[in-house]
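No value in this document is a laboratory result; all are computed from the given coordinates. All figures in this text were calculated on a predicted structure; none of them were measured in a lab. We place every Cβ from the backbone using ideal geometry, glycine too, and count neighbours over all the protein chains shown.
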């Protein structure tokens with residue numbers, strides 16, 4: 001047995017090849033195993049299929065066989081909670097994905113779905129292993145198939161710490177959250193060389209598919225990090241808000257803030273004059289449990305803020321307009337960002353709180369032609385479909401289509417709370433008067449009539465009382481009571497049950 | 001769970017302090033300093049590199065703005081110019097106020113520089129992507 005144990009020890013030692021580790025370190029990157037160490041609780045990692053090897057003999061591939069086939073898979077714990085993981089090893093054939101590599105990933109994906117545990121994929125791969133032909137493409141297909149099967153059942157997180165090119169991009173794209181590192185992660189369907197060949201455009205990796213391109217411009221990624229250690233720290237932070245699967249409630253932490261704290265600062269932050277901008281992030285931070293706000297997609301569609309936070313220790317999803325950017329209006333990108341987040345929250349039993357200060361959907365030919373109707377419809381769809389508790393707090397403006405999407409009780413909000421400064425209307429007073437009284441105003445020579453009508457319109461709709469008289473606003477509160485009110489409301493809504501008619505699935509406009 | 005313990009001596013402003021660090025469970029580490037014991041939650045721990053860059057206000061992360069012009073992000077009316085031609089401005093400084101979508105939107109400078117030409121006047125209507133001003 002002693003001999004056999006030493007053979008095992010040697011095989012195991014080879015898994016931790018120092019020579020290969022140095023290749024990675026020279027590039028300023030961590031190895032697959034170091035990444036897992038950083039992500040998982042100390043000593044908690046169990047590796048699966050460590051000795052699996054590629055079995056293709058095309059192009060003399062058998063000479064390149066290495067135990068593990070360029071991916072480390074298994075399970076471990078993060079803050080004591082079970083997760084499945086896989087980390088691609090770029091030091092073996094560029095981390096390329098072949099038949100067995102894919103099979104290993106698929107195995108942990110299956111286990112994650114069947115046991116209801118989150119899965120985290122650490123991606124650092126040159127893409128499909130060309131020598132294995134269609135087998136490697138089929139490997140991707142199997143992975144994608146399981147991403148979709150697990151979507152909305154267990155949280156799926158992709159950490160990109162190297163290239164993710166071609167078809168390989170779609171595995172992160174099908175997962176819930178994508179982390180990228182500046183000057184290290186790249187995602188693109190066709191690389192710079194092919195683009196140059198086909199269209200003649202010259203572009204480098206970072207500008208084509210770097211972390212900031214996907215965080216700021218394309219909206220593919222959710223987090224941009226300055227270094228890869230940051231990713232692992234943020235994955236842990238993110239997981240603390242999430243249940244292990246769709247049948248569990250998100251974990252409550254002991255609150256570090258008092259439930260009935262008055263939000264005194266809100267009076268300073270939000271100007272009463274609704275034409276004056278302010279930073280909505282300060283409002284969020286004043287309302288939620290101290291230091292609990294965790295923003296998502298911070299660099300993309302900044303006119304909308306989404307993120308997770310805690311209220312009295314319970315996780316909530318926050319959706320808010322940012323008056324500081326594009327007046328806080330909804331446009332195509334903000335619609336996509338909000339809709340996907342709301343569906344995520346709904347899938348994982350996280351209540352949603354809207355902080356509304358929105359002038360409407362962004363007008364313009366470009367938006368119309370690019371399909372603001374189709375994209376804007378996603379927000380309506382996501383909120384109307386969601387069965388988790390949904391609360392809207394109207395701070396100041398809530399106009400037109402954006403009113404419907406973010407604060408109409410008839411769309412399914414369980415509670416609509418308004419500040420005394422709330423304005424709920426189809427459009428601004430001046431525009432409304434011009435349309436409603438257009439002919440009379442043209443016929444009349446004096447401007448007095450217009451002023452009269454504007455002020456009449458103002459007093460009727462530029463307050464929350466008309467909507468409240470119609471029962472469309474449940475409460476009008478002192479802004480300072482926002483936190484206490486939300487905590488109380490959510491406590492009563494926590495047991496909400498809403499049954500839907502059975503169907504295969506709805507058809508969300510995409 | 002293996003139980004690990006380390007000892008260290010650190011010097012702060014000339015004063016020597018003895019530390020005893022114990023890894024208790026996946027959740028926490030105990031740090032004893034001169035007889036006082038603190039519990040550090042591992043979830044709050046920060047690993048090897050500098051984390052200061054992972055914050056919201058980190059402007060370095062953004063892609064560099066290309067070109068020498070500032071364009072209107074949204075259709076509206078120029079409410080007020082906050083800078084003049086030849087004036088030096090800093091990144092983040094308010095250049096002008098744009099009245100749009102029932103809001104006075106602050107248009108801020110994307111970078112440090114000198115304003116070469118202002119292409120709009122107060123009260124003028126602009127479309128999205130219209131050039132508002134040029135840098136040197």
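Results, tabulated for the structure shown:
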{"read-out": "Sorted by Cβ neighbour density within 10 Å, fewest at the top, the residues A:202, A:99", "value": "A:202, A:99"}
{"read-out": "Modelled FRET efficiency - R0 45 Å, residue A:258 with residue A:410, Cβ distances, 0.05 increments", "value": "0.85"}
{"read-out": "Relative packing of peptides A:429-436, B:30-37, A:161-168 - highest average C-beta neighbours within 10 Å first", "value": "A:161-168, A:429-436, B:30-37"}
{"read-out": "Centroid-to-centroid separation of the range A:408-480 and the range A:323-394 [C-alpha atoms, Å]", "value": "22 Å"}
{"read-out": "Proxy reagent accessibility, fewest Cβ within 10 Å first, across A:390, A:207, A:2", "value": "A:2, A:207, A:390"}
{"read-out": "Mean separation of Cα contacts under 8 Å (6+ apart) over length of the range B:69-135, as relative contact order %", "value": "45 percent"}
{"read-out": "Estimated inter-spin distance, residue A:366 and residue A:431, nm [label 7 Å along Cα→Cβ]", "value": "1.8 nm"}
{"read-out": "Chain A: relative contact order in percent, alpha carbon pairs under 8 Å with at least 6 residues between", "value": "9 percent"}
{"read-out": "Cα-based helix-to-principal-axis angle, A:482-493 vs chain A, degrees rounded to 10", "value": "70 degrees"}
{"read-out": "Other protein chain Cβ atoms within 10 Å, averaged over every residue that makes up A:325-335", "value": "3"}
{"read-out": "Spin-label model distance (nm) - residue B:10 vs residue A:207, 7 Å beyond Cα toward Cβ", "value": "4.5 nm"}
{"read-out": "Nitroxide proxy distance, nm - points 7 Å out along Cα→Cβ at residue A:465 and residue A:505", "value": "4.9 nm"}
{"read-out": "Taking A:329, A:169, B:108 and counting other C-beta atoms within 10 Å, the order from fewest to most", "value": "B:108, A:169, A:329"}
{"read-out": "0 to 90° range, to nearest 10: angle between helix A:134-150 axis and chain A longest Cα axis", "value": "40 degrees"}
{"read-out": "Counting DSSP beta bridges with both ends in the protein assembly as shown, the antiparallel % (nearest 5)", "value": "60 percent"}
